[in-house]
1. Roughly speaking, what is the stretch gain from residue 62 to residue 30, that is 0.36 nm per residue apart minus the C-alpha to C-alpha distance, in nm to one decimal?
2. Can you pick out the pairs among 35/67; 128/207; 13/45; 5/45; 128/221; 3/67 whose Cα atoms lie more than 19 Å from each other?
3. Given the peptides 131-137, 44-50, 9-15, arrange them by the average over their residues of other C-beta atoms within 10 Å, most packed first.
4. Work through the residues other than residue 140 whose Cβ is under 13 Å from its Cβ and net out their charges, Lys, Arg +1 and Asp, Glu -1.
5. Using Cα centres only, tell me the gap between the stretch 164-209 and the stretch 115-142 in whole Å.
6. With Cβ to Cβ distances under 14 Å as the rule, what net charge do the other residues near residue 201 carry (K, R +1; D, E -1)?
7. Kindly list the residues of the stretch 124-144 that lie in the label zone of residue 191, defined by a backbone N under 20 Å from the point 7 Å along the Cα-to-C-beta vector.
8. Rounded, prolate or oblate for the stretch 3-66? Axes are the square roots of the Cα gyration tensor eigenvalues, ordered a ≥ b ≥ c, and the cut-off for rounded is a/c under 1.5.
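Here, each number is a calculation from the coordinates, and none is a lab measurement. The structure displayed is predicted, hence computed values, not measured ones. Here the Cβ positions follow ideal geometry from the backbone for every residue, glycine too, while neighbour counts run over all protein chains shown.
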Amino acid sequence: MAKYKNVADELRKQIKQGNYPKGGQLPNQNELAEKFDTSRVTIKKALDLLSIEGLVFSVQGSGTYVKKNIAQTTDTGIKIGQNIGLTHQIGEQTELVNKVLAFNVRFPSEEECGQLMIKNESPVYEIKRLRVINNKPYSIEYSLLPVELVPNITPTILERSVYDYIRQDVGLIFGGNQQFIKAAPPNEEDRQYLNCKDNEPVLEVTKVMFLENGRPFEYSKVRHRYDMVEMCFNNTQHE
C-alpha cells in the first residue's frame with residue numbers, strides 16, 4: 001500500500017476514535033511529516049484524500065481541521081454520493097473483489113458524447129464490473145471513459161482501483177461530480193448478479209465525474225442492492 005494511504009488510514013482511525021475532535025485542528029504538515037517519518041508531499045496527499053472523503057477541510061493560512069458534521073457509516077451500509085471510489089470507503093478488514101463482466105472499446109452515442117463532452121469519433125472504454133464485498137454482491141457498475149483522456153486501461157487495472165490508476169498513474173486531478181439517484185425495479189442482470197428478488201428494489205446512481213479543470217472523465221450508471229448502501233452528501237459549508 002502507498003505510504004500516503006497508510007498515513008490517511010491512521011489519521012482516519014484517530015479522527016473516528018476522537019483523538020482529533022470534531023472542529024479541532026490537526027497538527028501542521030511539518031509535524032505530521034515528522035510523526036509519520038515521511039515527506040510533506042505524502043502528508044498533503046493523505047490530507048487531500050481525507051478532504052475528498054469529507055472528514056477534514058483546509059483553511060488557507062490557518063491549517064487543516066476536522067469537520068464538525070462527519071457522517072457515520074452504518075454497519076452494513078456504504079455511502080454513495082461521495083467523490084471517492086469504493087476502494088477507499090471500505091475498512092482494512094473488508095474484502096473487495098472486482099469481477100470484470102465486459103470490457104471493450106467503442107464509439108459513443110450522441111447522448112454519451114454530450115455527457116462526456118467529446119466528439120462521436122472519440123473512442124471510449126465500455127466497462128461492466130460486478131463489485132463484491134465480503135463475498136456478497138454489492139453493485140453492478142456500467143462506466144464509460146474516454147480513451148484519449150484515460151489511456152492504457154487493462155483488465156488487471158479494472159480488477160483493482162480504476163480511480164487510483166487515474167490519479168496516480170495517469171496523473172489527473174479529480175474535481176466534482178454530478179449524480180442522479182433513483183429507486184428502480186430489478187432487471188435480469190440485477191437478479192442474476194446481485195441476487196435480487198422480484199420485489200427487491202435497486203438504487204441506481206447515474207454519475208458524471210469531472211477533473212479539476214471541469215472536463216468530464218467518466219460517465220457511469222451503478223445499480224446497488226438496496227440493503228448495502230446509504231446516501232451521504234457533503235456540502236462546502238464548514239460550520
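1. Numbers: separation 32, 0.36 × 32 = 11.52 nm, distance 1.36 nm.
So the chain would gain 10.2 nm between residue 62 and residue 30.
2. Among 35/67; 128/207; 13/45; 5/45; 128/221; 3/67, the Cα-Cα distance tops 19 Å for 35/67; 3/67.
3. The densest-packed peptide leads the list: 44-50, 9-15, 131-137.
4. Net of charged neighbours comes to +3.
5. The stretch 164-209 and the stretch 115-142 have Cα centres spaced 8 Å from each other.
6. 0
7. 130, 137-141, by backbone N distance to the label point.
8. Rounded shape, in that the Cα axes give a/c under 1.5.
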